Amino acid sequence: MAGFEIDQFIADCRSALSETKPQLAVRDVVERAVSDPSSIENSLGPARGWKLEPLFHDADLTILHIVWPPTVDLFPHEHRMWSTVGVYGGTEDNTMFRRSGDNIERVGQKQGRTGDVLLMGVDGIHSVQNTTREWTGTIHVYGGDFFATSRLQWDTSTGDSAPFDVRNARANLAAAEDHARSTGVV
């Protein structure tokens, strides 16, 4: 890719869906994109405010531009589809979970830094944190319709699950940005 072009990125991801292992083919597309972080920032703008911005979505593919504010701690949630995340700026920390009866339990951590690509399978459950004082810019590619797929989110203090609602994620991002700005983190 000579510079990050959204239309070409979408076309390349859509083409990758026809491969034998679509998530691995999408990973290759995302790796090429995040190998030139400044090109993504030139195309999408600087990562200086929270975003959960759809770049494309249909029944088979969703591409989101997500900017994590400093201090964000997004609740555990599942996708029920594979996901590939490319980090083009900052750090994305993931706490991984698995089902344990009606609840979930922590099973590990994954960290993505600028230029990294993280993969999560269909059954993955994770929460996302940005514990740094920097904004984190990411491109998320999902093997399905992120907005129409029914799934769960969990409250870490009670362990209770509820249907995932993207409005909750947006509210969490906005609150984290407000907190970071009001406390002088950014």
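Determine whether segment 46-63 contains at least one residue that is farther than 28 Å from residue 162 by Cα and among the aliphatic types (A, V, I, L, M). Scanning segment 46-63 turns up at least one residue that is farther than 28 Å from residue 162 by Cα and among the aliphatic types (A, V, I, L, M). All of (1) closer than 19 Å to residue 157 by Cβ; (2) open to solvent by less than 50 Å² (accessible area, probe 1.4 Å) hold for residue 102 with one exception: (2). Are there any pairs, at least 6 apart or on different chains, whose C-beta atoms fall under 9 Å, with the first in segment 1-20 and part of a helix (DSSP H, G or I) and the second loosely packed, with under 13 Cβ neighbours inside 10 Å and not polar (S, T, N, Q), and if so, which? Qualifying pairs under 9 Å: 14/58.
For the structure I just gave you, tell me whether residue 164 is open to solvent by 30 Å² or more (accessible area, probe 1.4 Å) and touching a Lys or Arg at 6+ places or on another chain (Cβ under 7 Å). Answer is yes for this residue.
Within segment 173-182, being of a type outside the set (Asp, Glu) and closer than 12 Å to residue 67 by Cα holds for 173, 174, 176. Do we have any residue at all in segment 174-186 that's open to solvent by 40 Å² or more (accessible area, probe 1.4 Å) and closer than 17 Å to residue 54 by Cβ? Among the residues of segment 174-186, not one is open to solvent by 40 Å² or more (accessible area, probe 1.4 Å) and closer than 17 Å to residue 54 by Cβ, which makes the answer no. Within segment 21-45, the set of residues being farther than 18 Å from residue 115 by Cα and outside any loop (DSSP other than H, G, I, E, B) comprises 22 only. Taking the criterion of being small (Gly, Ala, Ser), at pLDDT below 95 and out of contact with any strand residue (DSSP E or B) (no Cβ under 9 Å at 6 or more places or on another chain), the only residue of segment 145-179 that qualifies is 157. Under the condition of being in a loop (DSSP other than H, G, I, E, B) and surrounded by 19 or more Cβ atoms within 10 Å (Cβ to Cβ), which residue from segment 60-79 is modelled with the lowest pLDDT? Only one residue fits best here, namely 71.
Here 133, 151, 170 are screened, and the one residue that is in contact (Cβ under 8 Å) with a residue 60 or more places away in the chain, open to solvent by less than 30 Å² (accessible area, probe 1.4 Å) and not hydrophobic (A, V, I, L, M, F, W, C) is 151.
The values are calculated or read from the model by the stated rules, or taken from the named source; none is laboratory data. These numbers come from a predicted model, not from an experiment. Note: ideal-geometry Cβ built from the backbone for every residue, glycine included; neighbour counts use all protein chains shown. SASA here: full protein model, heavy atoms, side chains in, ligands and nucleic acids out. Shrake-Rupley method; radii C 1.70, N 1.55, O 1.52, S 1.80 Å.
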